[in-house]
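The values are calculated or read from the model by the stated rules, or taken from the named source; none is laboratory data. On a predicted model such as this, the values are computed, not experimentally measured, just so you know. Cβ coordinates were reconstructed from backbone atoms using ideal geometry, including for glycine residues, and neighbour counts include every protein chain displayed.
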Amino acid sequence: MAEIDDVLARAADGGRISAEEAELLYTEAPFHTLAEAADISRRRIIGDNIVTYIIDRNINYTNVCVTACKFCAFYRAPKHEEGWDHSMEEILRRCGEAVELGATQVMLQGGHHPEFGVEYYEALFSAVKRDYPDLVIHSIGPSEIAHMSKVSSVGIDESIARIKAAGLDSIAGAGAEMLPERPRKALAPLKEPGEVWLEIMEQAHNQGLESTATMMMGTGETAHERIEHLRMIRDVQDRTGGFRSFIPWTYQPENNHLKGRTQATAIEYLRLLSTARLFFHNVKHLQSSWLTVGKAAGQLSLHMGVDDFGSIMLEENVISSAGARNSSRLSELIELIRTADRIPAQRDTLYERMSIHWTPEDDPQDDRVRSHVSTIVKELQIKPA
Ligand code: SF4
């Protein structure tokens, strides 16, 4: 179809396409032509065939949460017998283990605890920075900022300024789920509206805290709503330039109130990645989620416009609790990148390449570095060196 070819060519060349055109590509473009245009776009933006990964650890401070999202298998309501929160000492111990295994970043993530206001997060971030000044704190999201502001009865701007001063380096894009009103209300009726999530991101960007942006797909939203989610993020990016990366992932069906009634297929996911690469002319990086879609689809994503394979996350409990079981070793993930005809490289939070593994001889050899081990699903296994 001539119109599709025109839109693909313009987008691959770095031109801006409308949300309507993105929806046309997502729903109608032939799979291979869509992938090819997205890969050309990736190559133009990134400049080479290097695919990056980062070593980090997701540390959960509490599973107690008052927000009760219907897709969430991780949280427990206040006073629930399975609710917990970790002491500062335990959180710091886990940071120390992460540093020992080469992590450069921590993602501190947790529920909306009814007593955790700005003061809690100030204490948390400053303690991590005091003990591990080189560990980057890429953590929490707008939902946590909205919650802590409410608990402490302060404004959003003040909360952002205080947690930044305490040591928060950048904001993880968690909590975006689906931003358009209908699917968001169906999934997370107690979470702030999508517009508010974006307003908080914009305020953070304006205070110098950059972020990533995420999307959870596969809970029954329409193709139009998926593209609307992208449009809402791009509108903010037009004003701030503060989103470093876009990271879609697929809903995991176990142990939550939605009971797995719907899920995104691998093809839907891959098409969304390519469409996002072509639509986000102003967001530099695109990350796939092999954890939720599996290693095969994750590897294929490297030919659909993706330049970042995400985290070798030394601990992960939130998505694992909902059924994601794709744990792996660093050596295996490097092999997936290399056999996709890409060059693996470890990056830092700012996407600076720390080590490029041009040949297998350059690969890191620490076999203790395994990914997405859940301390809830299975006790973390870190053996002494
Ligand atoms: S997704 Fe986050 S905010 Fe929602 S219930 Fe789970 S822990 Fe709470």
Q.
I'd like to check something: does the stretch 251-273 contain any residue that is at pLDDT 95 or above, in a loop (DSSP other than H, G, I, E, B) and either within 20 Å of T27 (Cβ to Cβ) or in contact with a strand residue (DSSP E or B) (Cβ under 9 Å, 6 or more places away or on another chain) (or both)?
A. no
Q: Determine if the stretch 14-23 includes at least one residue that is modelled with pLDDT of 95 or more, within 27 Å of Y351 (Cβ to Cβ), within 16 Å of the ligand (Cβ to nearest atom) and under 24 Å from the mean Cα position of the chain (by Cα).
A: no
Q.
Could you go through the stretch 82-102 and let me know if any residue there is within 11 Å of the ligand (Cβ to nearest atom), touching a residue at least 12 places away in the same chain (Cβ under 8 Å) and more than 23 Å from V136 (Cβ to Cβ).
A. no
Q: Could you pull out the residue among A77, A165, A123 that is within 16 Å of the ligand (Cβ to nearest atom), surrounded by fewer than 18 Cβ atoms within 10 Å (Cβ to Cβ) and more than 23 Å from the chain's Cα centre (by Cα)?
A: A77
**Q.** Single unsatisfied condition, F309 versus (1) at pLDDT 90 or above; (2) in a loop (DSSP other than H, G, I, E, B); (3) surrounded by 24 or more Cβ atoms within 10 Å (Cβ to Cβ)
**A.** (2)
**Q.** Selection count, the stretch 169-192, where residues are more than 13 Å from the ligand (Cβ to nearest atom), surrounded by fewer than 21 Cβ atoms within 10 Å (Cβ to Cβ) and at pLDDT 95 or above
**A.** 5
Q.
Cβ contacts < 6 Å: first residue outside any loop (DSSP other than H, G, I, E, B) and at pLDDT below 95, restricted to the stretch 43-70; second residue among the acidic types (D, E) and buried (at least 21 other Cβ atoms within 10 Å of the Cβ), any location; separation 6+ or different chain. Result?
A. R57/E315; N58/E315; N58/E316
Q.
Please verify whether A166 is aliphatic (A, V, I, L, M), modelled with pLDDT of 95 or more and in contact with a Phe, Trp or Tyr (Cβ under 7 Å, 6 or more places away or on another chain), treating the condition exactly as stated.
A. yes
Q) Of the residues L24, L34, L108, which is under 23 Å from A266 (Cβ atoms) and buried (at least 22 other Cβ atoms within 10 Å of the Cβ)? A) L34
